[in-house]
1. Determine whether C:G41 is in a loop (DSSP other than H, G, I, E, B), of a type outside the set (K, R) and more than 7 Å from every other protein chain (Cβ to nearest Cβ).
2. Within the group C:V23, C:V47, which residue is surrounded by fewer than 20 Cβ atoms within 10 Å (Cβ to Cβ), touching a Phe, Trp or Tyr at 6+ places or on another chain (Cβ under 9 Å) and within 7 Å of another protein chain (Cβ to nearest Cβ)?
3. Look through C:L87, C:L101 and report the one residue that is surrounded by fewer than 24 Cβ atoms within 10 Å (Cβ to Cβ) and either in contact (Cβ under 8 Å) with a residue 40 or more places away in the chain or of a type in the set (S, T, N, Q) (or both).
4. Pull up segment B:37-61, narrow it to residues that are under 14 Å from the mean Cα position of the chain (by Cα) and in contact (Cβ under 8 Å) with a residue 24 or more places away in the chain, then point me to the one that is nearest to A:L142 (Cα to Cα).
5. Of the numbered conditions (1) of a type outside the set (A, V, I, L, M); (2) within 14 Å of another protein chain (Cβ to nearest Cβ); (3) over 19 Å from A:M222 (Cβ atoms), A:S135 fails exactly one; give the number of that condition.
6. If a residue has to be under 11 Å from A:I209 (Cα atoms) and either of a type in the set (S, T, Y) or part of a loop (DSSP other than H, G, I, E, B) (or both) to count, how many in segment A:148-176 make the cut?
7. Quickly run through segment A:159-170 and pick out the residues that are open to solvent by less than 70 Å² (accessible area, probe 1.4 Å) and free of Cβ contacts under 8 Å to residues at least 40 places away in the same chain.
8. Can you find even one residue in segment A:139-147 that is within 12 Å of chain B (Cβ to nearest Cβ), part of a helix (DSSP H, G or I) and out of contact with any Lys or Arg (no Cβ under 8 Å at 6 or more places or on another chain)?
Amino acid sequence: MKQLIGSVFVLVMGLFLWSLVPLLGPSAGYLSTYFTQHGVADNHTANLVTAVVVNYRGFDTLGEVLVLFASVSGATFVLRRRDGLPTAQPWPASEFLATGARALFAPLVVFGAYIFVHGHLTPGGGFQGGAVVASAVLMLLLVNRDRHLPHGLMTWLESLSGFGFVLTGLIGLAVGGSFLSNKGLMPLGEWNTLFSGGLIPIIYVLVGIKVGAELSALLDVMFHSTGDADHQEGQA
Amino acid sequence: MMLAIDFVVVAVIFVAAVGAMSCKNLVSSVLLGGLASLVASYLFLRMGAPDVAMTEAAIGAALTTVIFLVATRRTQEVEE
Amino acid sequence: MNELTLYYLAAMSLMLVGFMGLVWKRNLIKMVLAFTLIDTGAHLFLVALGYLPGATAPIVDDAGMFAQAQSLMVRQGAVVDPVVQALVLTAIVIGVGVTALMLSYVVRIYARRGTLDIAELRRLKW
């Protein structure tokens with residue numbers, strides 16, 4: 001009976017989705033027209049998506065980073081106490097993996113930093129760069145399963161970058177008249193050079209650091225599921 | 001030509017998704033889900049969204065798969 | 001069949017397969033995996049909404065196009081819609097956070113009950 005209801009549900013859903021297809025066409029809403037027209041002139045960024053993410057919809061990005069922070073803290077909270085929790089058995093890393101991971105760690109971090117520093121010029125940005133940094137951390141965790149990230153440092157990185165994001169937004173509010181405004185504070189610079197786009201590269205670097213720290217903390221908690229307090233208890 | 005490649009890619013996505021749902025072995029189904037995500041990032045690239053393609057490849061295909069694999073391993077471990 | 005229909009087809013088939021898995025599967029990890037498939041399908045759908053056949057990516061990387069953009073004369077339909085791309089960009093990152101939260105609940109439930117089968121988790125029902 002349940003299977004039948006499920007099948008009917010899926011069938012109705014499929015018909016509904018399929019009936020939508022003829023209605024859909026290329027969208028040319030007011031906002032997208034405005035952003036494609038004014039994005040470059042307003043911000044001098046080559047990448048329009050970055051202009052939308054960081055500047056026009058920067059407040060949404062702040063909320064999004066907050067949601068990521070909330071979900072990571074939720075996962076940490078759920079997995080915090082270790083009693084009766086099955087831990088993944090540490091398996092020994094092969095020599096090949098260990099050497100490769102140690103050799104690749106620094107280049108991967110530098111590559112992630114490159115991606116988020118050039119977020120306003122090339123595809124990429126804070127989120128992608130942060131993910132690359134987190135995969136560098138992942139390699140370290142794969143090689144040495146007992147290694148713990150320095151929680152104090154991660155907390156500081158995360159808090160400072162989040163604080164910097166809000167502070168930049170408030171400075172924009174004071175100088176340019178709206179939250180995260182890109183007017184008046186910094187010169188927009190020459191298009192397609194590294195120092196262009198006003199506040200946009202600064203904010204994207206902060207977002208990159210924050211996302212990298214959060215995703216690394218997420219991987220750490222999935223691998224170990226022992227928080228800071230638990231760790232200290234074990235030592236005492 | 002590009003359309004033919006797109007067709008193959010969509011077919012791969014569909015097969016990988018169905019396989020991910022119907023495979024008996026949890027690890028293989030997680031890996032097939034990662035494959036569907038990775039191939040979807042090619043479609044994002046074709047739709048003129050290189051930013052989204054990078055995000056999907058780095059986060060959707062890599063980090064999500066790793067998190068799934070860790071969770072799978074932790075739930076299959078025999079408790080002592 | 002043009003390419004846009006193909007992209008919609010891919011998005012919808014991913015979402016449908018995800019719904020099927022959500023309805024029919026009883027293993028918790030598979031249900032979370034079905035959620036991520038629906039997620040990817042929805043992302044494909046949204047980006048396909050902004051796609052214009054023949055348009056380039058929204059990156060102004062040559063001088064002629066920059067001159068057009070400076071004088072606010074970008075041709076209609078020259079670049080694809082950046083708004084949906086920005087939306088999907090952040091949605092993917094949120095997706096991994098939510099997936100990790102669900103998986104940590106799964107690990108916690110397994111530690112408590114020793115099973116991943118939702119049919120055996122009676123107390124989840126109300």
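The values are calculated or read from the model by the stated rules, or taken from the named source; none is laboratory data. None of the values given here were measured: they were computed from a predicted structure. Note that we place each Cβ from the backbone using ideal geometry, even for glycine, and neighbour counts take in every protein chain shown. Surface areas here come from the heavy atoms of the whole protein model, side chains and all, with no ligands, DNA or RNA. Shrake-Rupley method; radii C 1.70, N 1.55, O 1.52, S 1.80 Å.
1. no
2. On the way: C:V47 fails: surrounded by fewer than 20 Cβ atoms within 10 Å (Cβ to Cβ).
Residue meeting the stated conditions: C:V23.
3. Unique residue meeting the criteria: C:L87.
4. In this case the residue turns out to be B:A61.
5. Among (1) of a type outside the set (A, V, I, L, M); (2) within 14 Å of another protein chain (Cβ to nearest Cβ); (3) over 19 Å from A:M222 (Cβ atoms), the lone unmet condition for A:S135 is (3).
6. Count: 2.
7. A:S159, A:T168
8. We begin by selecting, within segment A:139-147, every residue within 12 Å of chain B (Cβ to nearest Cβ); these are A:139, A:141-142, A:145.
Narrowing the set further to residues that are part of a helix (DSSP H, G or I) leaves A:139, A:141-142.
Imposing the further condition that a residue be out of contact with any Lys or Arg (no Cβ under 8 Å at 6 or more places or on another chain) reduces the set to A:139, A:142.
Among the residues of segment A:139-147, at least one is within 12 Å of chain B (Cβ to nearest Cβ), part of a helix (DSSP H, G or I) and out of contact with any Lys or Arg (no Cβ under 8 Å at 6 or more places or on another chain), which makes the answer yes.
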